[in-house]
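Contents: one structure, followed by commentary.
The values are calculated or read from the model by the stated rules, or taken from the named source; none is laboratory data. Just so you know, these numbers come straight off a predicted model, no measurement behind them. Positions of Cβ are backbone-derived with ideal geometry, glycine not excepted, and every protein chain shown enters the neighbour counts.
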Amino acid sequence: DELVSQIAAGEVVERPASVVRELVDNALDAGATSITVRLLAGGVRLITVEDDGCGIPREELPIALRRHATSKIRNLHDLESVATMGFRGEALAAIASVSEMAVLSRPQDQDTAYMLDARSGELRPAARNPGTTMEVKELFFSTPARRKFLKTDATELAHCIEAVRRHALTRPSVGFAIWHEGKLVEQWRATLGAADLDAAPDAETREQLVQQALDKRLADVLGHDFLEQSVVVHYRAGHVLVRGRAGVPNAARARADQQFCYVNGRFVRDKVLTHAARAAYEDVLHGNRQPVYALYVSIDPMRVDVNVHPTKIEVRFRDSREVHQAVLHGVENALAAPRA
Ligand code: ADP
Ligand code: MG
């Protein structure tokens, strides 16, 4: 099983940023409102991810690290979301097989926290507020060939930050902080709580609050000029809703890595989406500039397959033409509309 895990790890864990992506993903699934990532040496020496989520009960700690262990399938109804969300309990087992891993966790209703050392299997009481800390040390220590492929600490750090950025752009209600070598390198504060939404008198107000929260997060993460130099995308066609912001073509900052696409809240890399966005910009984009955008596609989960790749970063749409058209027209309309 160790070998199977290591092979699976080859697909899931490519570099420190892959670990950060999976751990932050889990923290979000656990309902965290605050997530802190701490790194040493670009994440190669140490990655810790702390959250204030639901925690893992003492007796479930050893199970969480096993292959195909997932708490996210509890009943038959959940099986449907397995098909659509791609939960499969691979990540922690994979990470544990290529690192020295420890889990420290305390559910709200448990008096003390417990710490599990993945190597030794030792489980002992520890001190912690409710929530979970995942600690991943010495990534690829047992597979030097893999370790050799890692780039400089600065490059690995940049990838780690990028991994958190992708999550942060889709979860404005969660606060994020990233520390490297004891220094705070990024911090994005929570912009919207569930209570704010509950207090909203109607759907329209709620929608406004969501857009405001998203704008605040986009400004924090992509820079304040992005807000001024972008237009709101909000377009519904058939089964597809496209929201977000598209940078106006002459925006000064235009880099290749400033295109963010999400499907049902998950960051994806998808040719249908990028092609549609690019096509929308075609007429207004001068020279070889890269448009800056963050687009959030919502679609019936049954109309998209996220299980094409273990990292769930690729998707397959049942009707990709419909999605393409929605993004194309959504971005086109936004760019063509007079700016407020
Ligand atoms: P998956 O996320 O696909 O279920 P993982 O291997 O990523 O699989 O995680 C295994 C299980 O460990 C999860 O299903 C969850 O029960 C538990 N878990 C992992 N991280 C956390 C966390 N930060 N807070 C609470 N539970 C967690
Ligand atoms: Mg997971």
Within segment 79-93, can one find any residue that is surrounded by fewer than 16 Cβ atoms within 10 Å (Cβ to Cβ), at pLDDT 90 or above and of a type in the set (A, V, I, L, M, F, W, C)? no
Output the number of residues of segment 96-126 satisfying the condition of being surrounded by 14 or more Cβ atoms within 10 Å (Cβ to Cβ) and either assigned to a loop (DSSP other than H, G, I, E, B) or at pLDDT 95 or above (or both). 19
Which residue out of SER5, SER18 is buried (at least 17 other Cβ atoms within 10 Å of the Cβ), in a helix (DSSP H, G or I) and at pLDDT below 90? SER5
